[in-house]
Amino acid sequence: MAEKVLIIGSGPAGLTAAIYAARADLDPLMIEGMERGGQLMLTTEVENYPGFPEGIMGPELMDGMRKQAERFGTRIVSSDVSKVDLSERPFKVWVGGDLYESETLIVSTGASARWLGIPGESRLRGYGVSACATCDGFFFRDREIAIVGGGDSAMEEAIFLTKFASKVTILHRRDEFRASKIMAQRAIDHPKIEVLWNTTIDEVLGDDLVTGLRVKNVNTGEESMLPVEGFFLAIGHDPNTKIFQDQLDLDAAGYVVTNGGFTRTSVEGVFAAGDVVDHYYQQAVTAAGMGCQAAIDVEHWLDRTEA
Ligand code: NAP
């Protein structure tokens with residue numbers, strides 16, 4: 001028999017949807033993916049999730065949400081979805097050779113920060129390397145740090161980081177920013193920000209903690225070492241929507257399009273929540289909020305459809 005609701009993805013959006021759906025007696029099935037817990041599994045301390053005045057480690061927060069979802073009966077499959085067919089109901093979801101069918105779907109597959117893929121970057125992730133200034137900026141009080149990127153995120157995050165850091169160096173691979181003029185100018189004019197134009201990064205240096213970056217000027221080929229204790233990436237995110245291409249309406253950047261204010265997608269009975277929809281706020285608490293909305297939208301949709 002088909003499931004009432006199947007949730008794909010297990011970050012804050014998916015797990016909150018599961019908690020709400022389970023408590024609404026919808027007996028949800030979650031396909032949590034091989035990288036369960038989403039991006040918070042890659043952060044260290046989370047200090048801005050309400051309810052944890054002393055902060056909480058990202059993985060611990062996600063573990064708590066998962067236990068809470070299971071406590072109310074969510075069944076969890078720990079694999080990646082390989083294929084979906086949303087052309088008719090019940091929807092079909094394949095996990096390898098296993099087929100699951102469901103009357104409704106909640107897509108909460110998140111987005112992944114882009115990384116440079118240079119030596120030292122993944123080894124020192126959480127030890128001075130971060131793709132989330134809002135999460136980790138606080139740990140760099142009075143330190144010199146660098147951020148890579150030339151878009152609005154890099155500008156906004158560089159300015160945010162000046163609250164803590166003694167100096168922020170923006171490293172950009174070209175000689176002009178992609179960011180809106182006003183944001184770019186604000187960063188350029190900031191007394192704590194320096195911009196290194198035409199600069200690429202070849203390596204993140206440090207044994208246990210970041211101590212610097214090996215950088216190169218792309219015009220002159222000149223290499224140098226930039227001593228910093230923190231390295232932030234703001235080179236964009238990619239939504240995890242590959243399996244939904246040609247099945248759901250996606251925007252030009254690949255994010256799932258929802259119906260303003262609701263979590264409905266272009267396919268009746270398919271709902272979406274979290275970073276897979278939202279490229280703007282991208283916070284655990286906003287994703288959790290949308291997960292709650294999606295579960296409530298599913299509940300109402302099933303009520304209407306079954307009536
Ligand atoms: P983005 O606009 O795509 O900018 C990404 C930046 O990273 C670009 O400057 C790009 O360089 C650089 N980059 C990409 N891959 C790189 C690589 N491998 N090595 C070095 N540099 C690399 O992404 P975003 O800044 O995250 O913004 C995403 C969307 O959200 C945008 O539409 C933005 O306007 C919006 N946003 C708005 C606000 C705001 O209005 N307050 C704040 C944040 C984000 P190139 O320029 O050379 O391609």
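Odds and ends about this structure:
- Residues (β-branched (Val, Ile, Thr) and assigned to a helix (DSSP H, G or I)) located in segment 184-215: ILE188
- Among residues of segment 139-151 that are on the phi > 0 side of the Ramachandran plot, those with a Cβ under 9 angstrom from a residue that is open to solvent by less than 80 Å² (accessible area, probe 1.4 Å) and of a type in the set (S, T, N, Q), sequence gap 6+ or separate chain, pair up as ASP142/SER166.
- In segment 97-141, residue least open to solvent (accessible area, probe 1.4 Å) [restricted to those that are of a type in the set (Asp, Glu) and either within 19 Å of GLY9 (Cβ to Cβ) or in contact with a Ser or Thr (Cβ under 8 Å, 6 or more places away or on another chain) (or both)]: ASP136
- Of all residues in segment 271-283, those that are farther than 18 Å from LEU6 by Cα and part of a loop (DSSP other than H, G, I, E, B) have Cβ atoms under 7 Å from Cβ atoms of residues that are acidic (Asp, Glu) and within 13 Å of the ligand (Cβ to nearest atom), 6 or more apart or on another chain, in GLN282/ASP275.
- The single residue among SER10, SER112, SER87, SER102 that is of a type in the set (Gly, Ala, Ser), within 16 Å of the chain's Cα centre (by Cα), modelled with pLDDT of 95 or more and not in a helix (DSSP H, G or I) turns out to be SER10.
- Segment 146-183: number of residues that are in a helix (DSSP H, G or I), near the ligand (Cβ under 10 Å from one of its atoms) and more than 23 Å from the chain's Cα centre (by Cα): 1
- Residue tally, condition farther than 17 Å from ALA295 by Cα, surrounded by fewer than 21 Cβ atoms within 10 Å (Cβ to Cβ) and touching a strand residue (DSSP E or B) at 6+ places or on another chain (Cβ under 8 Å), over segment 19-46: 4
- Here the condition is being assigned to a loop (DSSP other than H, G, I, E, B) and either open to solvent by 60 Å² or more (accessible area, probe 1.4 Å) or in contact with a His (Cβ under 8 Å, 6 or more places away or on another chain) (or both); of GLY261, GLY254, it holds for GLY261 alone.
The values are calculated or read from the model by the stated rules, or taken from the named source; none is laboratory data. Keep in mind the model is a prediction, meaning the values are calculated, not measured. Reconstructed Cβ throughout: ideal geometry from the backbone, glycine too, with neighbour counts over all protein chains shown. Quick note on the areas: whole protein, heavy atoms, side chains included, nothing else; ligands and nucleic acids left out. Shrake-Rupley method; radii C 1.70, N 1.55, O 1.52, S 1.80 Å.
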